[in-house]
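Step one of this worksheet: look at the structure below.
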Amino acid sequence: MQPPQHHIPQTHHQPLPPQQPHHPQPPHPQPPHQPGQQPAQQPVQFPVQEPSQWLRHDPWGAPPSPPPPPVRERRRRGTVVVMVVVALVTGVIGGGLGAYSVLNGSFADVRLPQAAKESPARARGTVAGIAASALPSVVTLHVRGSSEADTGTGFVLDREGRILTNNHVVEPAGSAGDITVTFSSGETAKAQVVGRDSGYDLAVVKVSGVAGLTPLPLGNSDNVQVGDPVVAIGAPFDLPNTVTSGIISAKDRPITSGGGKNDGSDVSYVDALQTDAPINPGNSGGPLVDARAQVIGINSAIRAADGSSDSESGQGGSIGLGFAIPINQAKRVAEELINNGRAAHPVIGVTLDMKYAGDGARVADRANDGGAAVAAGGAGAAAGIEAGDIVTGVDGEPVHSAPDLIVRIRAHRPGDKLALTVRRDGRDRPVTLTLGSADGT
């Protein structure tokens, strides 16, 4: 009888479960065989071998397949792969967008509509057109003396390099100071005083070695009417090429400025043009031009907020009350300064009472030196004016004070005839007077 065949599974398909250690049992005694009795079937015992390394690995068999990963691990690996792909695509797209943004601007940039570039030319008569025409002829002056310095404005009179400005601008230089002229182009040059006059507050300086100068054309201040548009050009607070605009607010405004000296020799008397074009410290000597870009006045003074009137260099700023020397007067004085080094002042040959508080200009009882108030052989004496007379009008215009009368006289040339209204003993009478001449300072 063959023992039954048992199939032992291969360990490389499915590992055997771990077995408990086998201990051989001693043989049991067999019961004695009884006659007539079939021997009992005993189970066949096969020795059980422990699994060994050789059972777990078959070198001749196919390589074992790795066990499939758990479902959760497979999902995680798939997610990682997708994320890597997305990151790569995003990086490529982001890099391209970044390069485009650097070259062409961000996609998020806001682009606003804007007018196209146009020609800088402006029509004549506009403020911009006037400024473009006049600015090349306007200069800034920096003046330095032994004890003080000042900044002002001037403009070119001729191609020889002569420049017109205010006397109070160049006065700090004295006889040995330094005057530097800066043109609108930025070019600079040293200047020398040709002549100056404190009574008119005008001065002429000259630069040398500068080519291509363009004189600023002179207008006629007698043609100016109240309400005419004007442009003031200068260097307020040392800001060159500054342009402001306004109108002529009034004409024939009698103003005085200066007066720093006790003897009154630095007081200027001006029959001024009034303008609301802003004028500030540094505008002194600059041109006041009309709609044709022609000079009609020299900016010289402003009215301060406290009511004082002085050369604008001493004021804090404009309040819309600026004053300019009419160009007709400035032209005559400039010509005399160029030709003679000084200007002639028209005079009436009398001493006025500057403390008189009544209406009109009163002739003093005595001159300042104690002599006669009416100079012998002078214009006043020839017209029959006497001490104590009160002048109340000139050429039909009222006179309210002694400075008012001086301003009216300074607006004329020596030799001009004036029609005066003179009050004596309470009665007014007409007087014709021919102006005399005196050298200015």
Search result, residues across region 385-397 that are open to solvent by 40 Å² or more (accessible area, probe 1.4 Å) and either modelled with pLDDT under 95 or on the phi > 0 side of the Ramachandran plot (or both): D395, G396, E397
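Which of the strands (runs of 3 or more DSSP E) found entirely inside region 306-376 contain at least 2 residues meeting this: at pLDDT below 95?
Values: elements: 309-311, 322-326, 344-347.
By residue number, 309-311, 344-347.
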Scope region 414-441; condition polar (S, T, N, Q) and either at pLDDT 95 or above or out of contact with any strand residue (DSSP E or B) (no Cβ under 6 Å at 6 or more places or on another chain) (or both); matching residues: T421, T432, T434, T441
Leading residue by the ranking (least open to solvent (accessible area, probe 1.4 Å)) among those in region 207-219 that are over 24 Å from R292 (Cα atoms) and assigned to a loop (DSSP other than H, G, I, E, B): V210
Restricting region 185-203 to residues that are under 17 Å from G234 (Cβ atoms), touching a residue at least 40 places away in the same chain (Cβ under 8 Å) and in a loop (DSSP other than H, G, I, E, B), the residue that is most open to solvent (accessible area, probe 1.4 Å): S185
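Table: residues versus (1) open to solvent by 30 Å² or more (accessible area, probe 1.4 Å); (2) hydrophobic (A, V, I, L, M, F, W, C); (3) within 28 Å of the chain's Cα centre (by Cα).
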{"site": "R159", "(1), (2), (3)": "yes, no, no"}
{"site": "F183", "(1), (2), (3)": "no, yes, yes"}
{"site": "V205", "(1), (2), (3)": "no, yes, no"}
{"site": "N223", "(1), (2), (3)": "yes, no, no"}
{"site": "I233", "(1), (2), (3)": "no, yes, yes"}
{"site": "N241", "(1), (2), (3)": "yes, no, yes"}
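Residues to consider are S284, S208; find the one that is hydroxyl-bearing (S, T, Y) and closer than 25 Å to A305 by Cβ. Full working, then the answer.
Numbers: S208 fails: closer than 25 Å to A305 by Cβ.
Going through S284, S208 in turn, the sole match is S284.
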Odd one out for A361 among (1) free of Cβ contacts under 8 Å to residues at least 60 places away in the same chain; (2) open to solvent by 30 Å² or more (accessible area, probe 1.4 Å); (3) touching a Pro at 6+ places or on another chain (Cβ under 9 Å): (2)
Qualifying residue in region 86-100 (condition: closer than 17 Å to K206 by Cα and at pLDDT below 85): no
Qualifying residue in region 127-136 (condition: open to solvent by 50 Å² or more (accessible area, probe 1.4 Å), at pLDDT below 95 and among the hydroxyl-bearing types (S, T, Y)): no
In region 159-176, residue modelled with the lowest pLDDT [restricted to those that are farther than 24 Å from G212 by Cα and out of contact with any strand residue (DSSP E or B) (no Cβ under 6 Å at 6 or more places or on another chain)]: S175
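Restrict the check to region 143-152 and report whether at least one residue is in contact with a strand residue (DSSP E or B) (Cβ under 7 Å, 6 or more places away or on another chain) and in a loop (DSSP other than H, G, I, E, B). Spell out how you get there, then give the answer.
Here is the first cut: in region 143-152, the ones in contact with a strand residue (DSSP E or B) (Cβ under 7 Å, 6 or more places away or on another chain) are 143-144, 149-152.
This time we only want the ones that are in a loop (DSSP other than H, G, I, E, B), so: none.
No - not one qualifying residue is present in region 143-152.
The values are calculated or read from the model by the stated rules, or taken from the named source; none is laboratory data. Everything numeric in this text was worked out from a predicted model, so none of it was measured. Cβ: placed from backbone, ideal geometry, glycine included. Neighbour counts: every protein chain shown. Ligands, DNA and RNA are excluded from the accessible area calculation, which covers all protein heavy atoms including side chains. Shrake-Rupley method; radii C 1.70, N 1.55, O 1.52, S 1.80 Å.
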